[in-house]
1. Report the net charge of residues surrounding Thr46, where surrounding means a beta-carbon distance below 10 angstrom and charges are Lys +1, Arg +1, Asp -1, Glu -1.
2. Could you work out the percent of alpha carbon pairs in region 209-324 separated by over 23 Å, rounded to a whole number?
3. Once you keep just the Cα pairs under 8 angstrom separated by 6 or more residues, what percentage relative contact order results for the chain?
4. Projected onto the charge dipole of the chain (+1 at Lys/Arg Cβ, -1 at Asp/Glu Cβ, origin at the Cα centre), which of Asn313, Pro258, Tyr15 gives the Cα projection farthest towards the positive end?
5. With charges set only on the Cβ (+1 for Lys and Arg, -1 for Asp and Glu), what does the dipole of region 68-172 come to about its Cα centre, in debye to the nearest 20?
6. How much accessible area does Arg77 have with a 1.4 Å probe, in Å² rounded to the nearest 10?
7. Students sometimes get this wrong: rank Leu158, Leu168 by accessible area, probe 1.4 Å, all chains present, largest first.
8. Using the Cα centre of region 6-151 as origin and beta-carbon charges of +1 (Lys, Arg) and -1 (Asp, Glu), tell me which of Met92, Gly53, Ser40 is placed farthest towards the positive end of the dipole.
Amino acid sequence: MPNKLIDLINISKSYGTQTVLDELNLYIRENEFLTLLGPSGCGKTTTLRIIGGFESPDCGQVIFDGQDITKLPPNKRQLNTVFQKYALFTHMTIAENIAFGLKIKKKSKKYIEDKIKYALKLVNLDGFENRMADSLSGGQQQRIAIARAIVNEPKVLLLDEPLGALDLKLRQDMQYELIRLKNELGITFIYVTHDQEEALTMSDTIVVMNQGYIQQIGTPEDIYNEPENAFVADFIGESNILSGIMIQDKLVNILGVPFPCVDTGFGTNKPVDVVIRPEDIDLVKPEEGTIQGVVTHLIFKGVHYEMEVLAHNHEWLVHSTDMFPVGTKVGIHVDPFDIQIMNKPLSEDEEAVNVEE
C-alpha cells in the first residue's frame, strides 16, 4: 500500500456566513490519481486551493509528507497547479513559458534546455520550443501548461478543471494523455471536476462532495456500482431511484411488487431507497417480467437505445442495445445483484453527512 502523502485534518472554511468546508478529513496516497468530484459550490476547488496554499483554512491542518504545511505559501510547497485558464505568457515562446519557473530557481542553462526537451516530449509537442503560446490550439496550450508544471518536479500535480475549456473529442484525448503522464511521471495527481465521466475514466480514487461534506470515497467501480446514498447514485451516471420497503433480508418491495435482491441487514418492513441503473434493466415479454409496463419514449443514443417505460405509475429509465418501439407492452426484469439498497435519510440534513473512509 503506497504511503499517505497528504493528510487534511478537520479542515473548515467559510466565506462570510457561508460554510464551504465543514471539518473535512481526507488523506491522499503517494502516486494516487485522486479526483474531487461534485456540483458547483460543493467545496472541491476550495479543498484543492487549500492543499495548494492559495487559501488558508479557518481551522484544521494540512500535513504533507509528515510536515505541517498549513501556513506555507504556494511557492514553498512541493506541488504545482494547472488551472482551467492556462495563464500562459502570450508574449513568450513555448520554451520561455516552460523555463519560467526554472529560471526563478536559478537553474543552469543546460539543465533548463534538457528539461524543456524532456517536458515537450512527454506532452507530445517536440519541436514546439520556438512557437508563440498564442499560436497554439486550446489542447496544445493545455499540454504546455502541464509541461510548465512538471519541469519543476513537483511531488503533487493539482489540476483544477483543466479540460473544461476543450471540446468533447479533445477532452477525451487529453484524459488518456493525463493517465499516461501520471503513469510515466510516478507523481500524485489531485484533480477537480464536476464531470462524472472524466472522474470515472481517470481516477484511482474518487471523492464525491456535496455542501462541504464528503459523501463517499472509493474506486470508480465502487462509486458507480455501490453508491452510499441517493445523492451519489444520482450524481454518478443515470439512475432509477425509487422508494422501497425492505420486507426482509434479500427481498424488497418496489412500487408494491416484491423484488429479490442480495442486500441484508436493513431490518424488516423498513423504508429504504433503491437504486437500479438503466443498463441493468432487462426488457422481456410481459409475462416474464417481475413488473409490467409500456414503452412511452425512445431515443437512439448511438451505443444504445434510451427508453422510458411506464410501470405502476413510475417512469423507468432503460438503456438497451435492443429497441422496443413506443407503445410496446414489456416486462421489467432486474437481476437481484443489480438492485442496490440504501438507508433512507431521516432528514434533509442527513443527506449531506461526512462519511468514514
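1. +2
2. That fraction is 37 percent.
3. Values: 736 pairs, mean separation 54.2, N = 357.
With pairs under 8 Å counted, the relative contact order is 15 percent.
4. After comparing all options, I get Tyr15.
5. Using only the charged Cβ atoms, the result is roughly 420 debye.
6. 20
7. I get Leu168, Leu158, largest accessible area first.
8. Met92
The values are calculated or read from the model by the stated rules, or taken from the named source; none is laboratory data. Remember, it's a predicted structure, so these values are computed and weren't measured experimentally. Because the Cβ atoms are built from the backbone with ideal geometry, glycine has one as well, and the counts that use them run over all protein chains shown. Just so you know, the surface numbers come from the protein's heavy atoms only, side chains and all, with ligands and any DNA or RNA stripped out. Shrake-Rupley method; radii C 1.70, N 1.55, O 1.52, S 1.80 Å.
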